[in-house]
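**Student:** Starting off with a structure, shown below.
The values are calculated or read from the model by the stated rules, or taken from the named source; none is laboratory data. Quick caveat: nothing in here was measured; it's all calculated off a predicted structure. Here the Cβ is made from the backbone with ideal geometry for all residues, glycine too, and neighbour counts use every protein chain on show. These area figures cover heavy atoms from the full protein model, side chains too; ligands, DNA and RNA do not enter into them. Shrake-Rupley method; radii C 1.70, N 1.55, O 1.52, S 1.80 Å.
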Amino acid sequence: MFDHPIPRVFQNRFSTQYRCFSVSMLAGPNDRSDVEKGGKIIMPPSALDQLSRLNITYPMLFKLTNKNSDRMTHCGVLEFVADEGICYLPHWMMQNLLLEEGGLVQVESVNLQVATYSKFQPQSPDFLDITNPKAVLENALRNFACLTTGDVIAINYNEKIYELRVMETKPDKAVSIIECDMNVDFDAPLGYKEPERSAQHEEATDVEADHSGYVSDIGFRAFSGSGNRLDGKKKGVEPSPSPIKPGDIRRGIPNYDFKIGRITFIRNSRPLVKKVEEDESGSRFIAFSGEGQSLRKKGRKP
């Protein structure tokens, strides 16, 4: 009857409303605290049935919108085990959307570009106590499917929750972080103050002082203690080391004319030792110049 098929505008789009609750309200014998550590939600089985009939791209990514407050974020899906008409969200995601328990949230399927860059700002200076924050964040982001600029995500490390605000994402404001090579950068934590450094300015004097009288104080002297014998005798044991004259220990004289960028080579800094002039004949070595000795008591021949 019809020559052309009727076009369906929403053929590849999933869009519906659910009443959202936090994960703590999820009934079941198993502890689902793992949902709080990531950015994925739990949806009802009917959503899986509708998604399987649509020609959507994988992985499944969704846009969550609170129409009452005009707040939105993006997430992935973890399981389809929720009751019909209900979805379960992590607590930090409900805070970003300004949702209360039982509030209405719009869930729509979306396609996001793969992330190449992201920048985070810790919400507390305590995040600086982590030894390797990039490795901790990389491990925590494995439980996330996407990031949205402006969101405050929560990660758990060493039984402590750290909140980080997503300051920037590239190439778009909402990106997918599944199987991606993403560069991560950190901004200064909220409330962080740089330590004050006291500037020490030394005033240089033009008048040259006489440094010949500089003598360092007598401090540590190695092996200056008294010895003890195994037999208990005091023989050969000095009660105290010989005193050191202050004139024997002198401190190096600093170069007060030093200027940055100039290197000064000091030659003949040590006084030369005067050599005693000796007679060349007395100092010259002559082989076999000694006199021989004989066992017989005879006069020597001249």
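**Student:** So how much slack lies between MET25 and ARG296, counting 0.36 nm per residue of separation and subtracting their Cα-Cα distance, in nm?
**Tutor:** Details: separation 271, 0.36 × 271 = 97.56 nm, distance 12.49 nm.
Extending this stretch completely gives an extra 85.1 nm.
**Student:** Can you work out the FRET efficiency for the pair GLN123 and ASN255, with r the C-beta to C-beta distance and R0 = 41 Å, to the nearest 0.05?
**Tutor:** Details: r = 52 Å, r/R0 = 1.26.
FRET efficiency, GLN123 to ASN255: 0.20.
**Student:** Provide the percentage of antiparallel DSSP beta bridges, counting only those with both residues in region 17-87; round to the nearest 5.
**Tutor:** On the way: 6 of 11 bridges.
Expressed as a percentage, antiparallel bridges in region 17-87 total about 55.
**Student:** Once amide H atoms are placed 1.01 Å from N in the peptide plane, what residues at a sequence separation of 5 or more from LEU61, or on another chain, have their amide H within under 5 Å of its amide H?
**Tutor:** For LEU61, whose amide H was placed from the backbone, the distant partners under 5 Å are VAL110.
**Student:** Also: Would you compute, for the Cα atoms of region 87-135, the largest minus smallest coordinate along each principal axis and list the three values in descending order, in whole Å?
**Tutor:** Result for region 87-135: principal-axis Cα extents of 40, 29, 14 Å.
**Student:** Return the distance in nm (one decimal) between the two label points of a simple spin-label model at LYS134 and CYS180, each offset 7 Å from Cα along Cα→Cβ.
**Tutor:** In this crude label model, LYS134 to CYS180 measures out at 1.8 nm.
**Student:** Which FRET efficiency value, to the nearest 0.05, is calculated for LYS67 and ARG197 with the Förster distance at 41 angstrom and r the Cβ-Cβ distance? Mind dumping the intermediate values first?
**Tutor:** Numbers: r = 51 Å, r/R0 = 1.24.
About 0.20, to the nearest 0.05.
**Student:** Using +1 at the Cβ of each Lys and Arg and -1 at the Cβ of each Asp and Glu in region 15-110, identify which of ASN66, LEU104, ALA82 lies farthest towards the dipole's positive end.
**Tutor:** The residue sitting most towards the positive pole is ASN66.
**Student:** On average, how much area does the Cα convex hull of region 117-186 cover when viewed from any direction, in nm²?
**Tutor:** Spelled out: convex hull of the Cα atoms, projected over all directions, averaged, 4.3 nm².
**Student:** Counting only heavy atoms of protein chains, what accessible area per residue, in Å², does region 15-110 have with a probe of 1.4 Å? It would help to have the intermediate numbers written out before the result.
**Tutor:** Numbers: 4830 Å² over 96 residues.
So region 15-110 comes to 50 Å² accessible per residue, rounded to a whole number.
**Student:** Which whole-number percent is the relative contact order of region 15-110 (Cα, under 8 Å, 6+ apart)? Spell out each step's value before the answer.
**Tutor:** Working: 187 pairs, mean separation 45.8, N = 96.
Relative contact order here is 48 percent.
**Student:** Could I ask something else about it? Once fully extended, how much extra length lies between ASN156 and PHE223, figured as 0.36 nm per residue of separation less the alpha-carbon to alpha-carbon distance?
**Tutor:** 18.5 nm
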